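The values are calculated or read from the model by the stated rules, or taken from the named source; none is laboratory data. Since we're looking at a predicted model, the values are computed, not measured. Cβ sites come from the backbone with ideal geometry, for glycine too, and all protein chains shown count toward neighbours.
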Amino acid sequence: MNLSLKQYKTIDLTIMFILLAAAEWLIAKAAGVWFPDEIYVLSPMTAMVCIVMMRWGAYAAIHAFGGGLALCMASGAEPRQYAVYCIGNCLALAALVLFRIFGKEKIRTSPALTLLFTVSAFAGAQLGRWIVGLMLGGSAGDIVTLFTTDSLSLVFAVVAVQLSRKLDGVYEDQLQYLKRVQQEQRRGQLSDHGDTEYGEA
């Protein structure tokens, strides 16, 4: 079955959204049952948003918002927390500016730049939550709590995004990936055709 680019992108974004929402929901529910008094939280949001930003750019805002929504729904959050997490998470996309500075390919292939990209997305999300929280009556000191309680999520994001670099096509601009796959297929076809002619000769 041949898919158009639009269909491929829609399917890809949908699958990643479902995976993130399901993971956020399950982790939040499990933490509420097994670790109700634990101050630290674990969220795959930053990792997934970084991967989607590399694959599709600003479409990652859907996943940043959706990750916050799933987390809030699973944890029984108050209306204020919905705004803090859903809207605040979207500031993770501030890391997109690094694509303009260094270029996607350089960030993709460099472990150090990938680390910078991941940390920037994490910091952006925490700052976004803090800013929204301030607008809704929070205190300036909440920024410390946000970075501290979500520190495990940063560790997870760093490891997950670095590992995704090792998987072909996962942490890669999908337009470039599809072009590369087509070129490899064409080279393979030409090679097979040449081998056939040589064999017949």
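Could you say whether any residue in the range 149-156 is more than 27 Å from Glu105 (Cβ to Cβ) and of a type outside the set (Ser, Thr, Tyr)?
Within the range 149-156, one or more residues are more than 27 Å from Glu105 (Cβ to Cβ) and of a type outside the set (Ser, Thr, Tyr).
Looking at (1) free of Cβ contacts under 8 Å to residues at least 40 places away in the same chain; (2) buried (at least 19 other Cβ atoms within 10 Å of the Cβ); (3) outside any helix (DSSP H, G or I); (4) of a type outside the set (Phe, Trp, Tyr), find the lone condition where Glu172 falls short.
Here Glu172 meets the rest and fails (1).
Among the residues of the range 113-125, is any in contact with a Lys or Arg (Cβ under 7 Å, 6 or more places away or on another chain) and farther than 18 Å from Phe65 by Cα?
Yes, the range 113-125 contains at least one residue that is in contact with a Lys or Arg (Cβ under 7 Å, 6 or more places away or on another chain) and farther than 18 Å from Phe65 by Cα.
Applying the selection to the range 4-53, what residues are of a type outside the set (Asp, Glu), surrounded by fewer than 12 Cβ atoms within 10 Å (Cβ to Cβ) and either at pLDDT below 85 or touching an Asp or Glu at 6+ places or on another chain (Cβ under 8 Å) (or both)?
The answer is Val33, Trp34, Pro36, Ile39.
Just to be sure I understand, how many residues within the range 109-136 are free of Cβ contacts under 8 Å to residues at least 24 places away in the same chain and under 16 Å from Gln81 (Cα atoms)?
2
Do you know which residues across the range 118-132 are surrounded by fewer than 23 Cβ atoms within 10 Å (Cβ to Cβ) and of a type outside the set (S, T, N, Q)?
Result: Val119, Ala123, Leu127, Ile131, Val132.
Taking Trp56 and the conditions (1) surrounded by fewer than 19 Cβ atoms within 10 Å (Cβ to Cβ); (2) of a type outside the set (Lys, Arg); (3) under 22 Å from Ala77 (Cα atoms), which numbered condition does it fall short on, given that it satisfies the others?
Of (1) surrounded by fewer than 19 Cβ atoms within 10 Å (Cβ to Cβ); (2) of a type outside the set (Lys, Arg); (3) under 22 Å from Ala77 (Cα atoms), only one is false for Trp56: (3).
Looking at the range 51-61, can you tell me whether even one residue there is free of Cβ contacts under 8 Å to residues at least 24 places away in the same chain, closer than 17 Å to Ala123 by Cα and touching a helix residue (DSSP H, G or I) at 6+ places or on another chain (Cβ under 8 Å)?
No: the range 51-61 contains no residue that is free of Cβ contacts under 8 Å to residues at least 24 places away in the same chain, closer than 17 Å to Ala123 by Cα and touching a helix residue (DSSP H, G or I) at 6+ places or on another chain (Cβ under 8 Å).
Name the helices (runs of 4 or more DSSP H) wholly inside the range 58-152 in which the number of residues that are among the acidic types (Asp, Glu) is 2 or more.
Filter on the range 58-152 gives an empty set.
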